[in-house]
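A.B. asks: Got a structure here, written out as structure tokens. Questions coming.
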Amino acid sequence: MYIPEHFRVAEQETALAFMRANPFAILISQAADRPFATHLPLAVGQDGERVILRGHVAKANPHWQYLESQPQTLVIFHGPHAYVSTSNYVTHENVPTWNYGAVHAYGQARVFSDGEQLLPILHDLIGTFEARYAEQWAELSEAYRRRMLSHIVGFEIVVTSVEAKFKLSQNRTNQEQENVIASLSASNDTAISGTARLMREQGLGMKKEHD
């Protein structure tokens, strides 16, 4: 991913927090003749210094076969984004742009189809997205659970490198950043207002005086 230095996120913890806040990702692998992508939720975990992504796809989805034959993969975590009008800038000679946050995680994948191997992945996903569902899952009949597990293939990706980019008007003045934040915050579209929130979280805009 092309990242000008003023848009680069250097801190891994910031990148991990973004990944966890935006867990519906795009998994990309190389098929025989072209790239292949699947949109899916992922559990983002850590084992010491290692970052580990866990998820599953339908057995009918050939993506697990691509992961098996070509373990090196790319996962894109995408967050809020918004068009930025030049009306937010002080000078006339400017062009519009787009603000956004994105993280690219590269890694090596392993796939799991055995029911017992799938359970830890399933438990990770349940714990991430709806912990209370674990009780309902445990109460389902053994036959039903086995049948559901037979329809999916799990995978685990050990992340080898992370590229994180927050393009959030860092190259503009504090006043212009504040103008952008105010403009985007006024939108009812959560992707747009979320971009303003991300800018504020990164300390952009005018510094507020404390009483």
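A.B. asks: Restricting to the range 126-164, give me the number of residues that are within 25 Å of the chain's Cα centre (by Cα), in a helix (DSSP H, G or I) and either more than 30 Å from ILE76 (Cα to Cα) or without any contact (Cβ under 8 Å) to a residue 24 or more places away in the chain (or both).
C.D. replies: Residues that pass the stated criteria total 3.
A.B. asks: Hey, another quick one. Every residue in the range 38-86 that is in a strand (DSSP E or B) and exposed (fewer than 14 other Cβ atoms within 10 Å of the Cβ), please.
C.D. replies: Scanning the range 38-86 gives HIS39, PRO41, GLN46, ASP47, ARG50, ALA58, GLN72, TYR83.
A.B. asks: Determine if the range 165-181 includes at least one residue that is aliphatic (A, V, I, L, M) and more than 20 Å from the chain's Cα centre (by Cα).
C.D. replies: Scanning the range 165-181 turns up at least one residue that is aliphatic (A, V, I, L, M) and more than 20 Å from the chain's Cα centre (by Cα).
A.B. asks: Of everything in the range 31-64, what is farther than 25 Å from ALA131 by Cβ and either among the charged types (D, E, K, R) or under 20 Å from the mean Cα position of the chain (by Cα) (or both)? Give them in sequence order.
C.D. replies: ASP33, ARG34, PRO35, PHE36, ALA37, GLU49, LYS59, HIS63, TRP64
A.B. asks: Inside the range 14-33, can you point out the residues that are exposed (fewer than 14 other Cβ atoms within 10 Å of the Cβ) and modelled with pLDDT under 95?
C.D. replies: ALA32, ASP33 - these are the residues of the range 14-33 that are exposed (fewer than 14 other Cβ atoms within 10 Å of the Cβ) and modelled with pLDDT under 95.
A.B. asks: While we're on this one: Out of curiosity, is GLN117 within 28 Å of GLN65 (Cβ to Cβ), surrounded by fewer than 19 Cβ atoms within 10 Å (Cβ to Cβ) and touching a Ser or Thr at 6+ places or on another chain (Cβ under 7 Å)?
C.D. replies: No.
A.B. asks: Among the residues of the range 150-162, is there at least one that is among the acidic types (Asp, Glu) and in contact with a helix residue (DSSP H, G or I) (Cβ under 8 Å, 6 or more places away or on another chain)?
C.D. replies: The answer is yes, given that some residue of the range 150-162 is among the acidic types (Asp, Glu) and in contact with a helix residue (DSSP H, G or I) (Cβ under 8 Å, 6 or more places away or on another chain).
A.B. asks: What number of residues within the range 75-101 are among the aromatic types (Phe, Trp, Tyr) and in contact with a helix residue (DSSP H, G or I) (Cβ under 6 Å, 6 or more places away or on another chain)?
C.D. replies: 2
The values are calculated or read from the model by the stated rules, or taken from the named source; none is laboratory data. Everything numeric in this text was worked out from a predicted model, so none of it was measured. All Cβ positions, glycine included, derive from the backbone under ideal geometry; neighbour counts span all protein chains shown.
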